[in-house]
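The values are calculated or read from the model by the stated rules, or taken from the named source; none is laboratory data. Only a predicted model underlies this, so the values are computations on that prediction, with no experimental measurement involved. Don't worry about glycine lacking a Cβ; one is built from the backbone with ideal geometry, like all the others, and counts go over all protein chains shown. Just the protein is used for accessible areas: all its heavy atoms, side chains included, with ligands, DNA and RNA removed. Shrake-Rupley method; radii C 1.70, N 1.55, O 1.52, S 1.80 Å.
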Amino acid sequence: MNASKVLDYIKQYLVIAICVIVTIAALIGLPMVSAGWNEDVQQSIKSRSNYFSRINKLEKTSFQVPGSIQSQETVINQKLLNAYEQITASMLEDAQRVTRVAMSRNQQSHDVLMPDLFPTPPDGHGAMDVLPRRMHEKLMASYEELLASVNAGSPPPAREVEVSLQAARRQFLEQMMAKDESDELTEEETKQLKQQMTGERLEIYKDRAAEIGVYFGLDAVSPPEFDRARPPSIVDLFSWQWTYWVVEELAGVIRSVNSTTELQNPIKRIDSVRLVGLMQLLHEAGVATGGGGRGGRGGRGGARGGGGGAPGPRSPFGGGAPPGPRSPMGGAPGPRRPGSGSTGGGGGGAAKPALEMATAPMSGATNFDVSVSGRISNQLYDVVVVELDMVVATASIPRVLDAFARQNFMTVLDLKLQPEDAFKAVKDGYYYGSENVSRVQLVVETIWLRSWTRQYMPDEVRAMLGVPLDPPPAPAGGAPSGNGAPQRPGGPRGPGGRRP
């Protein structure tokens, strides 16, 4: 068969020829094309399968509800994100409001007695020769006012009782026995006179108890004495101020439970108020101390003129007593604050020595080796422990403990009870009435937020407590110094030097 015949045949049967050619081409090409299609389909199916897996994962996303420790699986979408943002914003606002309320409650009306002294006394002109004495006078006057606010008093003086009894004795002899003091008395008359004088003495003590609200004198808080030969340092002065704040809180507790005379009031008598841990970092987080973990007396252990603190007395509640607040002056070199004028007794122009900065534990750090609460002084707040020796009506002890719990971030850590001998107490002039009374020894924890106390702290106290110092003041030319951080906050002062 030649080519011309094939062409003629194709022309004659063109459709059949085309079909044969297409069929042959399909038999050869379709398997090749279908293999490529199959690969594309597999890729597409695999891709879609991945999308389905991702969708399944989205449906099972673990989501933790704000403010809750529980989590659940849900679908994350824009609606949920918007709701989450609203909830967290509301929680942040609530937290900020709680912070403001807590700081306001903790500070209350506490302010410095002498705004000219804190945080930085004036330089030169003998300011530190005059202001400490004025501070002491102001402090003692303020203590008197504080005691008056709780109607505090003491038993009648012995001389006053003696004079009253002598007058009552003369009157009894003249009116009831028709005798003079020089006349000799029979045994029966002597017995009657003794009974009468005993009753008169009790009436004197009872009348005194009806005049006051609580037996509480200045000697119970051991106020500082001013010594011209050894003038107090700025650390001592701030220790006086802080101690007064603590006693103010104690007076608030007394006012909350005592509302009438000592004869009916729950708190009958306060013999001693002792502070532990004032202006001290006694414990670092996680470090235990021996002897029960109680510190020394902070209120009287402050350094004088840059010296170290004297050891505080041993606590009657057990445990050791470490030294008082350690002065930051001297020791390893720390950050310097430029300026002139000493913080000691003189008002000269000597430059301040370097301050050794302490390291405070992180905010909220705890140490349960210290107390049942675990709270220790840290970057957020300072802990000052108050040891009280007092006489309380036995039936009112729960009420008194509740009053401490309600007062300005106070926590009762320890309690010792023993019956009080009212007959022995009356010999010293203390008359408690007809109620059963108990001697109560309390260990109370008080919290002081640094968010407001730091504005009054001198640099020496800040260094002792690990509170960051403010940047130095701008130079005389007015150019900003350091990183331009603002000076110590304080706000405008109102009447009497108080801040709003």
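Can you tell me which residue among Asp123, Asp111 is at pLDDT below 85 and surrounded by 13 or more Cβ atoms within 10 Å (Cβ to Cβ)?
Only one candidate passes the filter, namely Asp123.
Mind checking whether some residue in region 256-272 is out of contact with any strand residue (DSSP E or B) (no Cβ under 6 Å at 6 or more places or on another chain), part of a loop (DSSP other than H, G, I, E, B), under 28 Å from Gly126 (Cβ atoms) and among the small types (Gly, Ala, Ser)?
No: region 256-272 contains no residue that is out of contact with any strand residue (DSSP E or B) (no Cβ under 6 Å at 6 or more places or on another chain), part of a loop (DSSP other than H, G, I, E, B), under 28 Å from Gly126 (Cβ atoms) and among the small types (Gly, Ala, Ser).
Could you list all residues from region 390-411 that are touching an Asp or Glu at 6+ places or on another chain (Cβ under 8 Å) and more than 8 Å from Pro266 (Cβ to Cβ)?
Met390, Val391, Thr394, Ala395, Gln407, Asn408, Met410, Thr411
Would you call Asp129 open to solvent by 60 Å² or more (accessible area, probe 1.4 Å), touching a helix residue (DSSP H, G or I) at 6+ places or on another chain (Cβ under 7 Å) and within 30 Å of Pro224 (Cα to Cα)?
Answer is no for this residue.
Can you pull out the residues in region 117-146 that are part of a loop (DSSP other than H, G, I, E, B) and either among the polar types (S, T, N, Q) or more than 20 Å from Val461 (Cα to Cα) (or both)?
Correct list: Thr120, Gly124, His125, Gly126.
Can you confirm whether region 217-236 contains a residue that is aromatic (Phe, Trp, Tyr), at pLDDT 90 or above and open to solvent by less than 20 Å² (accessible area, probe 1.4 Å)?
no
Filter region 353-395 down to residues that are closer than 30 Å to Phe216 by Cβ and open to solvent by 20 Å² or more (accessible area, probe 1.4 Å), then give me how many there are.
9
Taking the condition at pLDDT 95 or above, at negative phi and either open to solvent by less than 70 Å² (accessible area, probe 1.4 Å) or of a type outside the set (Ser, Thr, Tyr) (or both), does Tyr244 pass?
Considered against the rule, which asks whether it is at pLDDT 95 or above, at negative phi and either open to solvent by less than 70 Å² (accessible area, probe 1.4 Å) or of a type outside the set (Ser, Thr, Tyr) (or both), Tyr244 comes out as yes.
What is the number of the single condition among (1) open to solvent by 60 Å² or more (accessible area, probe 1.4 Å); (2) touching a Phe, Trp or Tyr at 6+ places or on another chain (Cβ under 7 Å) that Asp428 does not meet?
Result: Asp428 passes all but (2).
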